[in-house]
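Undergrad: Shown below is the structure under consideration.
The values are calculated or read from the model by the stated rules, or taken from the named source; none is laboratory data. Only a predicted model underlies this, so the values are computations on that prediction, with no experimental measurement involved. Please note: Cβ atoms are built from the backbone with ideal geometry, for glycine as well, and neighbour counts cover all protein chains shown. Note: areas computed on protein heavy atoms with side chains; ligands, DNA, RNA excluded. Shrake-Rupley method; radii C 1.70, N 1.55, O 1.52, S 1.80 Å.
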Amino acid sequence: MKKHNYSAGPCILPQEVFQEASQAVLDFNNTGLSILEISHRSKEFVDVMEEARNLALELLGLEGKGYKALFLQGGASTQFLMVAYNLLQVKAGYLNTGAWSTKAIKEAKLFGDVAEVASSADKDFRYIPKGYFIPSDVDYFHCTSNNTIYGTQIKEFPNTPKPIVCDMSSDIFSRELDFSKFDLIYAGAQKNLGPAGTTLVVIKEDILGKVERSIPSMMDYKIHINKASMFNTPAVFAVYTSMLTLRWIKKNGGIAAMEERNEKKAALLYSEIDINPLFQGYADKKDRSTMNATFTLLNDDLKETFDTMWKEAGVNGLNGHRSVGGYRASMYNALPLESVQVLVDVMSELERKA
Ligand SMILES: *Cc1c(COP(=O)(O)O)cnc(C)c1O
């Protein structure tokens, strides 16, 4: 039986995407070849790559606005350094909202100065700093839209004339935003888009070419743009599966419809966390993520019972990140509302039993 999969990443994808992708492993579009064995230079795959890049821009509302979409390798973690390699001449401003931001800052420091414009480290990253000042001498400002580990999410992005770079790994395509506010968006596919192995990068082209250093080809956004994301062999299967997910998003009403579903799911779970005296939310209420809900069980003696109950109900992947503990329910686009109901029922059943 299919599990109610709350895994933080790699994570649940739409069931029909799993089906189509598995079919393509056996026979891709009646070519008599597997998606795993066709040439990445074949017309069939070039079409896949183009459709994936176009759908990404279309869904984000960025078509014809000077943006290019790329599917690169090396995960979001490679973007931590690639962003700085391509954009950091002297100094960059970073908002520190947790482990992923901290790692991005560490990499950027290899290329220039980093001004940490604000940090929520003082309260274990339970909140999103607000009202901070972005210095006028930075080359760009970097933030993390959704903090997968702590369950916090930026609701309002700052206004700055500087390019905004955003790590949207765990909430891309989950909510409507004015994406044209951002100059570079990156997201490891395995959180809301596809299997691990590819990273979506969306770049406003005119921010490139401003640093003086020479950039190795694989690290150079311009080269990847000029080569239409085919400078070297792309992660063929991961790109194909991501394309299927993008088609699924479009067919099901686009980002607006995803957002509506995600808000319903989050509201259902958070209201149980707040109403049930056995549980406590981890993140500040106003900064709560619709993607990753973090919470703790107040009475440790009930842990074994609770863990047994949710596992028996078919729930998977509910343990919190090792650095935070407790529980984390990741409710990415493909997780159905019914799965959230199953978890909420287990939580209220535990209250009745306790
Ligand atoms: C998972 C995650 C990353 C790291 O992604 P990789 O693809 O494993 O390198 C970076 N940022 C955020 C916000 C994440 O959730």
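Undergrad: Check segment 13-25 and report whether any residue there is of a type outside the set (Lys, Arg), surrounded by 15 or more Cβ atoms within 10 Å (Cβ to Cβ) and free of Cβ contacts under 8 Å to residues at least 60 places away in the same chain.
TA: yes
Undergrad: Tell me which residues, restricted to segment 117-148, are part of a strand (DSSP E or B), away from the ligand (no atom under 14 Å from the Cβ) and either open to solvent by less than 20 Å² (accessible area, probe 1.4 Å) or over 20 Å from Ser169 (Cβ atoms) (or both).
TA: Of segment 117-148, the ones part of a strand (DSSP E or B) are 117-119, 141-144, 146-147.
Right, trim to away from the ligand (no atom under 14 Å from the Cβ) and you get 117-119, 141.
Within segment 117-148, Val117, Ala118, Phe141 qualify.
Undergrad: Tell me the residue from Ile154, Ile215, Ile164, Ile225 that is within 15 Å of the ligand (Cβ to nearest atom) and either surrounded by 15 or more Cβ atoms within 10 Å (Cβ to Cβ) or assigned by TED's automatic domain parsing to the domain that holds Ile105 (or both), please. First the steps, then the outcome.
TA: On the way: Ile215 fails: within 15 Å of the ligand (Cβ to nearest atom); Ile164 fails: within 15 Å of the ligand (Cβ to nearest atom); Ile225 fails: within 15 Å of the ligand (Cβ to nearest atom).
The match here is Ile154.
Undergrad: Right, here's the next one. When you go through (1) in contact with an Asp or Glu (Cβ under 8 Å, 6 or more places away or on another chain); (2) open to solvent by less than 20 Å² (accessible area, probe 1.4 Å); (3) within 14 Å of the ligand (Cβ to nearest atom); (4) in contact (Cβ under 8 Å) with a residue 40 or more places away in the chain one by one for Trp100, which number turns out not to apply?
TA: Among (1) in contact with an Asp or Glu (Cβ under 8 Å, 6 or more places away or on another chain); (2) open to solvent by less than 20 Å² (accessible area, probe 1.4 Å); (3) within 14 Å of the ligand (Cβ to nearest atom); (4) in contact (Cβ under 8 Å) with a residue 40 or more places away in the chain, Trp100 violates only (2).
Undergrad: Thr199 passes all but one of (1) surrounded by fewer than 24 Cβ atoms within 10 Å (Cβ to Cβ); (2) among the hydroxyl-bearing types (Ser, Thr, Tyr); (3) within 12 Å of the ligand (Cβ to nearest atom); which number fails?
TA: Checking Thr199 against (1) surrounded by fewer than 24 Cβ atoms within 10 Å (Cβ to Cβ); (2) among the hydroxyl-bearing types (Ser, Thr, Tyr); (3) within 12 Å of the ligand (Cβ to nearest atom), the one that fails is (1).
Undergrad: Restricting segment 267-297 to residues that are charged (D, E, K, R) and surrounded by fewer than 19 Cβ atoms within 10 Å (Cβ to Cβ), which is nearest to Val324 (Cα to Cα)? Walk me through it before giving the result.
TA: First, the residues of segment 267-297 that are charged (D, E, K, R): 272, 274, 284-288.
Add one more test, that the residue is surrounded by fewer than 19 Cβ atoms within 10 Å (Cβ to Cβ), and what stays is 274, 284-286.
Working: Asp274: 19, Asp284: 14, Lys285: 17, Lys286: 19 Å.
Once the filter is applied, the top-ranked residue is Asp284.
Undergrad: I would also like to ask the following. So how many residues does segment 313-340 have that are of a type outside the set (A, V, I, L, M, F, W, C), more than 12 Å from Gly151 (Cα to Cα) and crowded, with 22+ Cβ neighbours inside 10 Å?
TA: Residues flagged as of a type outside the set (A, V, I, L, M, F, W, C), more than 12 Å from Gly151 (Cα to Cα) and crowded, with 22+ Cβ neighbours inside 10 Å within segment 313-340 amount to 3.
Undergrad: Scan segment 60-74 and tell me whether some residue there is closer than 12 Å to Met243 by Cβ and open to solvent by 10 Å² or more (accessible area, probe 1.4 Å). Even if it seems obvious, please write down each step before you answer.
TA: Keep residues of segment 60-74 that are closer than 12 Å to Met243 by Cβ, which gives 69, 71.
From what's left, open to solvent by 10 Å² or more (accessible area, probe 1.4 Å): none.
Checked segment 60-74: no residue is closer than 12 Å to Met243 by Cβ and open to solvent by 10 Å² or more (accessible area, probe 1.4 Å).
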